[in-house]
Ligand SMILES: Cc1cc2nc3c(=O)[nH]c(=O)nc-3n(C[C@H](O)[C@H](O)[C@H](O)COP(=O)(O)O)c2cc1C
């Protein structure tokens, strides 16, 4: 069993990374092979909008470090996506990753009618965990909609773990506290057990 995690936080050792590592630790305790990808360390470009992927669905033609990882993702049993909330949305490093999922998305003709129908060049049935970190408990609307769309598009099972509202970043005076996740032992334990539950 293989679990791959993508960390969209630009901050080394921040809350997102801490939680992702806890999820992977839980998965590894059940024998899973794990990999953490820190997007900030890689040369990751945005989607070019070139549509070359529409002629070879599932393949991204961007020449950077992410293209091979998108292929590796298809072979994983579980994928863990992590990002902090930045300006009511995701961090730009994470958005670049999500935009690149466009290579999996296309249209194919229905045999009888020739009518085009949406298709997804991404294996179904994968487990999918979303880890988020935010400083504000109040504004929780915009970002979860992205989760819904993502899980629907990728045809995966979503286990949204929003480490947001109550237990997580509770330092309102200092919105961007770095280690509030590791200070929250309940949250850390939950992240680890969620990781363990990924293994069959
Ligand atoms: C540029 C920037 C924008 C942010 N915007 C929001 C926001 O809109 N809502 C929120 O709840 N927290 C916001 N935060 C706080 C972070 O989401 C929070 O500190 C999070 O824990 C950071 O994760 P990290 O430790 O993995 O970097 C922002 C932080 C930064 C640096």
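Any read-out appearing in this document is the output of simple, stated calculations on the displayed coordinates, not a laboratory observation. Everything numeric here is computed off the predicted structure, so don't read it as measured data. Because the Cβ atoms are built from the backbone with ideal geometry, glycine has one as well, and the counts that use them run over all protein chains shown.
How long are the three semi-axes of the equivalent ellipsoid of the range 25-94, in whole Å, if each is the root of 5 times an eigenvalue of the C-alpha gyration tensor, listed from largest down? Display every interim value, and only then the final one.
Details: eigenvalues 116, 68, 23 Å².
Ellipsoid half-lengths, sorted descending, are 24, 18, 11 Å.
Could you order the peptides 105-116, 14-25 from most to least packed, using the average number of other C-beta atoms within 10 Å per residue?
Details: 105-116: 10.5, 14-25: 25.0.
My ranking of the peptides, most packed first, is 14-25, 105-116.
Sorted by packing (mean other beta-carbon atoms within 10 Å per residue), highest first, where do 97-103, 50-56 land?
Working: 97-103: 19.3, 50-56: 12.9.
Top to bottom by mean Cβ count within 10 Å: 97-103, 50-56.
Which order, highest average first, do 32-43, 78-89 follow once you tally other Cβ atoms within 10 Å for each residue and take the mean per peptide?
Details: 32-43: 16.0, 78-89: 21.6.
Descending mean neighbour count gives 78-89, 32-43.
If I model a spin label as a point 7 Å beyond the Cα along the Cα-Cβ vector, how far apart are those points for residue 65 and residue 25 in nm?
About 2.4 nm separates the two model spin labels.
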